[in-house]
Amino acid sequence: MPGSFDPVTLGHLDVVRRAAEMFDEVVVAVATNVAKRPLLPAAERVALVAAAVAGLPRVRAAEAPGLLVDFCREVGATAIVKGLRSGGDYDAELPMAWMNRHLGVETVFLPADPAVAHIASSLVKDVARHGGRIDDLVPPGVAAVVRARLAQEGT
């Protein structure tokens, strides 16, 4: 299950939990999107994801620094799992799914649980930047890390 996870959210964890019921193992692949400037460095994102999934059997976090299909081959993944919150997500994800299929790995789409479909990492960061409460949108410990990083950014 790839993503930038900047930061990891309860929406991400919902999809991870559900994927873990479908597959023998789920590797949460923390990637860097070159089109985005991440708030958190990759190593910190991997650590936060690893902490968030620590209680889930057969789930682990790893950095995926290059081409996703190469990472899939390295870890023996048979599918890429992507969560979808809306039709806009589907429109953005479908061309990537086609390309990944062309390169040898299928994609499975899981619709978001409506209870967490409003949560997006970009919105979490925006709320935090404006002093809003994000503790109920992210796993334990993540809000403090985001606030600390934003405080560093502001100096």
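The values are calculated or read from the model by the stated rules, or taken from the named source; none is laboratory data. From a predicted model like this one, the values you see are computed outputs, not experimental measurements. Neighbour counts run over all protein chains shown; Cβ positions are idealised from the backbone, glycine included. In case anyone asks, the SASA skips ligands and DNA or RNA and just uses the protein heavy atoms, side chains included. Shrake-Rupley method; radii C 1.70, N 1.55, O 1.52, S 1.80 Å.
How much accessible surface does ARG147 have with a 1.4 Å probe, in Å² rounded to 10? Surface open to solvent at ARG147 totals about 110 Å². Peptides 7-19, 31-43, ordered by how many other C-beta atoms sit within 10 Å of their residues on average, highest first, read 7-19, 31-43. For MET96, MET1, the ranking by accessible surface with the largest value first comes to MET96, MET1, using a 1.4 Å probe.
In the elastic network of the chain, a GNM with C-alpha springs shorter than 10 Å, the most mobile of ALA120, ALA20, ALA52 is ALA20. Restricting region 1-101 to GluC sites (Glu not before Pro) that sit in a DSSP loop and have at most 15 other Cβ atoms within 10 Å of their own Cβ leaves GLU25. Spread over its residues, the convex hull of the C-alpha atoms of region 43-155 is 135 Å³ per residue. Solvent exposure of the chain, expressed per residue, is 54 Å² of accessible area, with all protein chains present and a 1.4 angstrom probe. Surface composition of region 71-155: carbon and sulfur atoms hold 57% of the protein heavy-atom accessible area at a 1.4 Å probe.
Which of VAL138, VAL30, VAL108 moves the most in a Gaussian network model of the chain with Cα springs under 10 Å? Judging by the Gaussian network model, the answer is VAL108.
For the chain, what does -39500 (n - 2.57) per DSSP helix run (n ≥ 4), summed and divided by total residues, give at 222 nm, in deg cm²/dmol to the nearest 500? That comes out to -14000 deg cm²/dmol.
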